[in-house]
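Q: Pasting in a structure now, in structure tokens, and then I'll have a few things to ask.
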Amino acid sequence: MPRILGIESSCDETAAAVVEDGSRIVSSVVSSQMATHSKYGGVVPELASREHLRAIVPAVRLALEQAGIDLDDLAAVAVTQGPGLVGSLLVGITYAKALAIARGLPLIAVNHIEGHIHAVASQNRIEYPALALVVSGGHTHLYEVGEGFVYRLLGKTRDDAAGEAFDKVAKLLGFGYPGGPVIDMLAPYGNPQAVRFTLAKMKGNTLDFSFSGLKTAVLRWFEARDMALEVAARRELLASNHRPAREQWLAVTPQPTLDVLASFQHTVIEELLRRAARAAEEIDARSLIISGGVACNSGLRRAAEGSRLPYLVYFPDPSLSTDNAAMIAAAAFPKLERREFADFTFRADASLSIG
Ligand code: KG4
Ligand code: ZN
């Protein structure tokens, strides 16, 4: 029962986890920087690197402690190589390399997107070929996943990722960062049919996405109203409490704004599921995997699970949806079996791709 220590630091979470046999999560520690970035409406790269430096040693120590093991009980160390913020990735990679060299452990470099896919694949009996929709703050990608984890990119966003659209709309309307969870929480209080947002027609590959037009449409809607006071009230609320409760948000969010949030979310969900269904049909998928931070969205889960599809739909456990290191350790397991080790000179790759 080989145990892998996973390390993840690609964006704004410093995470460490121990996974046994590629699927049994023995410990998973996520140290979030949300409080640091919230007031800026997005991740500030310099602050992220500094926070990773502060958090990495305690996160690894805690993951080992919670697993009740020490470094000698590990079969390998796995770390995210990319994609992500280069300064953030470097912290995890440098630490993982040092650990592996000092302990004579094999080192495994993992693609973050592959990690998101394994967050689902490692916990379920997936039938292949599968279609994977990886939808987060950095990606909105459709992949065909074949037996043995062979990937083929089918479509991707041409501009903003879906999570980025959630974050930008939230920032614009004074809801802070990250935007997805707040919009998800408030959307049920609005009318999803209130505002009709239309998405740009895609030329060329029709499995590609585009969300920047939608963001601009929300901006137009916003500019057409005098919303300065309500936005100021939300910013003030955020300044006193970085994670306001639902009631506190509702108290500073009038109905028309709730309606626009609901309509925006509805449009994103429809778009994601429409293209995913088309792609699944094209490859004759036997399962659909939806993962990444936006896979937490309750509206998306409800819509996907409620639609009658000729294949099973799999979501990660919510704790494995947003960035974590268990998914990195899980993704490393097939590489350990194939003895696909990284040499110690590998570098962080901000735009690493799969497929
Ligand atoms: O996977 P993740 O933690 O980091 C990246 O790899 O980007 O995803 C973070 C993204 C953010 O954009 C955040 O707003 C979004 O996932 N997100 C959500 C929800 N929870 C997180 N979006 C919609 N609904 C949610 N409940
Ligand atoms: Zn991610």
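Q: Considering only the range 89-208, give the strands (runs of 3 or more DSSP E) lying wholly within it that have at least 2 residues that are free of Cβ contacts under 8 Å to residues at least 40 places away in the same chain. Explain how you work it out, then say what you get.
A: Details: elements: 107-111, 130-135, 140-146, 150-156.
Strands (runs of 3 or more DSSP E) meeting the threshold: 140-146.
Q: For the condition under 25 Å from TRP221 (Cα atoms) and away from ligand 1 (no atom under 16 Å from the Cβ), what is the one hit in GLN255, GLN265? If you could, list the steps in order and put the result at the bottom.
A: On the way: GLN265 fails: away from ligand 1 (no atom under 16 Å from the Cβ).
Answer to the selection: GLN255.
Q: Something else now. Looking at (1) at pLDDT 95 or above; (2) buried (at least 23 other Cβ atoms within 10 Å of the Cβ); (3) within 14 Å of ligand 1 (Cβ to nearest atom), which is the one condition that is false for ASP323?
A: (1)
Q: Just one of (1) surrounded by 15 or more Cβ atoms within 10 Å (Cβ to Cβ); (2) modelled with pLDDT of 95 or more trips up VAL218, so point out which.
A: (2)
Q: Suppose we filter ALA119, ALA96, ALA78, ALA102 for residues that are away from ligand 1 (no atom under 16 Å from the Cβ), within 27 Å of LEU288 (Cα to Cα) and aliphatic (A, V, I, L, M); which single one remains? Steps first, answer last, please.
A: On the way: ALA119 fails: away from ligand 1 (no atom under 16 Å from the Cβ); ALA96 fails: within 27 Å of LEU288 (Cα to Cα); ALA102 fails: within 27 Å of LEU288 (Cα to Cα).
Going through ALA119, ALA96, ALA78, ALA102 in turn, the sole match is ALA78.
Q: In the range 296-323, which residue that is more than 26 Å from PRO83 (Cα to Cα) and basic (Lys, Arg) is nearest to ligand 2 (Cβ to nearest atom)?
A: Within the range 296-323, the match that is nearest to ligand 2 (Cβ to nearest atom) is ARG302.
Q: Looking for whichever is within 12 Å of ligand 1 (Cβ to nearest atom) and either in contact with a Gly (Cβ under 6 Å, 6 or more places away or on another chain) or not assigned by TED's automatic domain parsing to the domain that holds ALA276 (or both) here; the options are GLY138, GLY163. Which one fits? Break it down stepwise before answering.
A: Values: GLY138 fails: either in contact with a Gly (Cβ under 6 Å, 6 or more places away or on another chain) or not assigned by TED's automatic domain parsing to the domain that holds ALA276 (or both).
Matching residue, one of GLY138, GLY163: GLY163.
Q: May I pose another question? Among (1) within 16 Å of ligand 2 (Cβ to nearest atom); (2) in the same structural domain as GLN193 (by TED's automatic domain parsing), which single condition is ALA350 missing?
A: Of the numbered conditions (1) within 16 Å of ligand 2 (Cβ to nearest atom); (2) in the same structural domain as GLN193 (by TED's automatic domain parsing), the odd one out for ALA350 is (2).
Q: Every residue in the range 180-218 that is aromatic (Phe, Trp, Tyr) and over 17 Å from ARG274 (Cβ atoms), please. Working first, answer last.
A: Initially, the range 180-218 is screened for residues aromatic (Phe, Trp, Tyr), giving 189, 197, 209, 211.
Once the filter is applied, which keeps residues that are aromatic (Phe, Trp, Tyr) and over 17 Å from ARG274 (Cβ atoms), the range 180-218 yields only TYR189.
Q: Something else: Working carefully through the options SER38, SER23, find the one that is away from ligand 1 (no atom under 16 Å from the Cβ), under 22 Å from GLY292 (Cβ atoms) and of a type in the set (Ser, Thr, Tyr). Break it down stepwise before answering.
A: On the way: SER38 fails: away from ligand 1 (no atom under 16 Å from the Cβ).
Selected residue: SER23, the only one of SER38, SER23 that is away from ligand 1 (no atom under 16 Å from the Cβ), under 22 Å from GLY292 (Cβ atoms) and of a type in the set (Ser, Thr, Tyr).
Q: Can you pull out every residue in the range 233-253 that is surrounded by 12 or more Cβ atoms within 10 Å (Cβ to Cβ) and not in a helix (DSSP H, G or I)?
A: Across the range 233-253, the qualifying residues are HIS242, ARG243, PRO244, VAL252, THR253.
Q: Taking the range 141-160 only, how many residues are of a type in the set (A, V, I, L, M), farther than 24 Å from PRO318 by Cβ and either within 13 Å of ligand 1 (Cβ to nearest atom) or crowded, with 17+ Cβ neighbours inside 10 Å (or both)? Outline the logic, then answer.
A: Of the residues in the range 141-160, the ones of a type in the set (A, V, I, L, M) are 142, 145, 150, 153-154.
Narrowing the set further to residues that are farther than 24 Å from PRO318 by Cβ leaves 150, 153-154.
From what is left, the residues that are either within 13 Å of ligand 1 (Cβ to nearest atom) or crowded, with 17+ Cβ neighbours inside 10 Å (or both) are 154.
The qualifying residues number 1.
The values are calculated or read from the model by the stated rules, or taken from the named source; none is laboratory data. These numbers come from a predicted model, not from an experiment. Every residue, glycine among them, receives a Cβ derived from its backbone with ideal geometry; neighbour counts consider all protein chains shown.
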